[in-house]
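Participant: Quick one: this structure, given as structure tokens, is what I'll be asking you about.
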Amino acid sequence: MAGETALGLRREAIGLREVLFQSITAMAPAAAVAASIPSGAAFAGGSLPLSVLVALVACLFTASCVAELARQLPAAGSVATYAAQGLHPAIGFLVGWGYVFVEALVAPLLLLQLGFTTAGTLHEEWSSYPADLWWPWSLAGAVVIAAAGYFGVRASARFGTVLGAFEVLVFLAFAVWLIVKAGGGNTLSVFGTSHTAKGYDGIGGVFAGSVYTVLAFAGFEAAAPLAEETKNPRRTMHRAVLGAALAIGLFYVVTTYAMTVFVGPDRFAGFGASGAASWEGVARASFGLFWILVFLAVVNSTIANANACSNVSTRTAFALARIRVFPSLFARLHPRYRSPVAGVAVQAALAVVVMLGLGLYYDPVTAFLLLATVIVTVVIGVYIVVNFACAGYFLRRRRELFSPVRHLLFPLLGVVAFVPALLTAAGLPVFDFVSALSAPVSYAGPVVGVWIAAGVVVLLVQLRLHPGRIAETARVHLDESPAPDLPQNGAVQS
């Protein structure tokens, strides 16, 4: 066991392309365009493209902070290491504790979406197919994701690259088609405030729409946990995190603009995630069999997102197990593929249990909303902490590299951008466009509270019995001498 852990993850296994798509697929661009971003139309109406642009600028502040830290601290612990170095190891541990929990829940979340999306579409096409027979598709997706994780980072990252390229190309092609079909309806007025929804006039409607759109950017940091397996990680991580946020942000702007001008800015407030006024509805009504590609891109997006976030959860768990603040089981590596094979197995089992348990107890859509609320609440909280960590790290540890703009202004703007999104995700009606959550989705708050409280207990025990382990949350293992690589038969080279 000690020998397996000491060897570490496979060094230089992947490059910029793979880690770029690790972040891209973690953002689930097709699913975000089809299901997440349209929720902002109820507030921004035909000015939703401006809301998306505002959200892009806001998210780039935090993406810049993550990229700056990833360049200095290339570690599988990623956000946990950043918080430990920039603020305090205890905070780093709690960030890692929360991050690995919610990233592990992304797989069952996306498997639920895969199940109810596929079953619902099949039922719509063939009424004899039961709309509630969703779980076989979810189980099939779980097998695919587990297999990709088992065969190591090269297999899972390249798999994600193919899936991510497909979904982006399908929606870009559809967007171009919509812009052409809109003809004289194309207008730059959608980047102004004149088309907001009734009751949300002017900049207030744009702001409300942008808050919901910000949630579509979650996942841009997902490249960072693969740092120890990436070629030239300091340079590559910086480019991947910023590149993914910028590229997919522009993708969101283009696709949202295309649908807005096609539908009509003054009619866009009624656009949503399902029905005739949705991406699939428009594709069905106006573009013949092209809707099948849109459907496949959304299904593809769920698998790609689950695959990317499984990489994140297993690498974060590995990093915490390596310093013995998580059970040592999660530090066990496959002798050939160097994948955290025990973590992959636990992740797969957890995904199936949570997906079937919640999906069958409630229903898959309700279970999806509950998990989504838990995940987004914690992830946005992590982003806020990482913004503070960026300022703390460069002020306290790398003062010679400190930039008032990149390392102080951008972190503060990032916090300002994500606080409204955090309140919205948690259903705290501080703003008039935020609705309080109803049960069982409202259980997300207590679930998060219990998990963080458990983390505090573990932290106190570790500080009492093994304080050095918490301090190691700040350790950057990549700065140490690499272990010898393994040949294909799994034996250590002499």
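The values are calculated or read from the model by the stated rules, or taken from the named source; none is laboratory data. Note that this is a predicted model, so its numbers are computed, not measured. Cβ sites come from the backbone with ideal geometry, for glycine too, and all protein chains shown count toward neighbours. The accessibility values were calculated without ligands, DNA or RNA, using every heavy atom of the protein model including side chains. Shrake-Rupley method; radii C 1.70, N 1.55, O 1.52, S 1.80 Å.
Participant: Using a probe of 1.4 angstrom, how much of the accessible area of the range 392-438 is carbon and sulfur, in percent? Working shown, then result.
Facilitator: Working: 1700 of 2600 Å².
Percent of accessible area from carbon and sulfur atoms in the range 392-438: 65.
Participant: Dividing the convex hull volume of the Cα atoms of the range 206-271 by its residue count, what figure in Å³ per residue is obtained?
Facilitator: Values: hull volume 6.2 nm³, N = 66.
Per residue, the Cα convex hull of the range 206-271 comes to 93 Å³.
Participant: On to the next question. Take V353 and L139, extend 7 Å from each Cα along the Cα→Cβ direction, and tell me the distance between the two endpoints in nm.
Facilitator: Taking the simple label geometry, V353 and L139 are separated by 1.8 nm.
Participant: Under a Cβ-Cβ limit of 4.7 Å, which cysteines in the chain have nobody to pair with?
Facilitator: C59, C309
Participant: Then there is this: Can you give me the % of accessible surface on the range 257-369 that is carbon or sulfur? Probe 1.4 Å, all protein chains present, nothing else counted.
Facilitator: Working: 2770 of 4100 Å².
In the range 257-369, the share of accessible area belonging to carbon and sulfur is 68 percent.
Participant: Okay, next question. Order L356, L250 by their accessible area, 1.4 angstrom probe, all chains in place, largest first. Mind showing how you got there, number by number?
Facilitator: On the way: L356 45, L250 90 Å².
So, going from the largest accessible area down, we get L250, L356.
Participant: Report the label-to-label distance for A454 and F290 in nanometres (one decimal), using points 7 Å from each Cα along the Cα→Cβ vector.
Facilitator: Placing both labels 7 Å along Cα→Cβ, they lie 4.7 nm apart.
Participant: Then there is this: Quick check: Cα centre of the range 408-464 to Cα centre of the range 144-197, how many Å?
Facilitator: 29
Participant: With angles folded into 0 to 90 degrees, how steeply does helix 444-465 sit against the dominant principal axis of the chain? Use alpha carbons for both and round to 10.
Facilitator: 10
Participant: Once you treat every alpha carbon in the chain as an equal point and sum by Debye, what is log10 I(q)/I(0) at q = 0.07 Å⁻¹?
Facilitator: Reported log10 I(q)/I(0), two decimals: -0.35.
Participant: If you count only protein heavy atoms with a 1.4 Å probe, what accessible area per residue comes out for the range 197-250, rounded to a whole Å²? Display every interim value, and only then the final one.
Facilitator: Working: 1800 Å² over 54 residues.
Ligands and nucleic acids excluded, the result is 33 Å² per residue.
Participant: Using a 1.4 angstrom probe, figure out how much accessible area the range 304-374 has per residue, in square angstrom, rounded to the nearest whole. Could the numbers behind the result be given before it?
Facilitator: On the way: 2340 Å² over 71 residues.
Per-residue accessible area for the range 304-374 comes out at 33 Å².
Participant: Counting only protein chains, not ligands or nucleic acids, how are Y361, Y212 ordered by accessible area (probe 1.4 Å), most first? Intermediate results must be reported in sequence, preceding the final value.
Facilitator: Numbers: Y361 170, Y212 45 Å².
In descending accessible area the options line up as Y361, Y212.
Participant: Still on this structure, please answer the following. Measure nothing but the geometry: give the 0 to 90° angle between the long axis through the Cα atoms of 290-322 and the longest principal axis through the Cα atoms of the chain, rounded to 10°.
Facilitator: Relative to the chain, helix 290-322 is tipped by roughly 20 degrees.
Participant: If I ignore ligands, DNA and RNA and count only protein heavy atoms, how much of R398 is accessible to a 1.4 Å probe, in Å² to the nearest 10?
Facilitator: Rounded to the nearest 10, that gives 70 Å².
Participant: Taking R0 as 22 Å, what FRET efficiency do you get between S438 and S274 from their Cβ-Cβ distance, rounded to the nearest 0.05?
Facilitator: Details: r = 19 Å, r/R0 = 0.88.
That gives a FRET efficiency of 0.70.
Participant: Along Cα→Cβ, 7 Å out, is where each label goes; now give me the distance between the ones at Y129 and D201 in nm to one decimal.
Facilitator: Each label point is offset 7 Å from its Cα along the Cβ direction, giving 4.7 nm.
Participant: Which order do H195, H88 take by accessible area at a 1.4 Å probe, largest first? Before the final figure, lay out the partial values.
Facilitator: Numbers: H195 30, H88 95 Å².
Largest to smallest exposure gives the sequence H88, H195.
Participant: Taking Cα pairs under 8 Å and at least six residues apart, what relative contact order does the chain come out at, in percent? Mind dumping the intermediate values first?
Facilitator: Numbers: 921 pairs, mean separation 161.3, N = 494.
It rounds to 33 percent for the chain.
Participant: Normalised by the residues of the range 1-143, what does the relative contact order come to in percent, with Cα pairs under 8 Å and at least six apart? Show your work: numbers first, answer last.
Facilitator: Values: 67 pairs, mean separation 14.8, N = 143.
Result for the range 1-143 is 10 percent.
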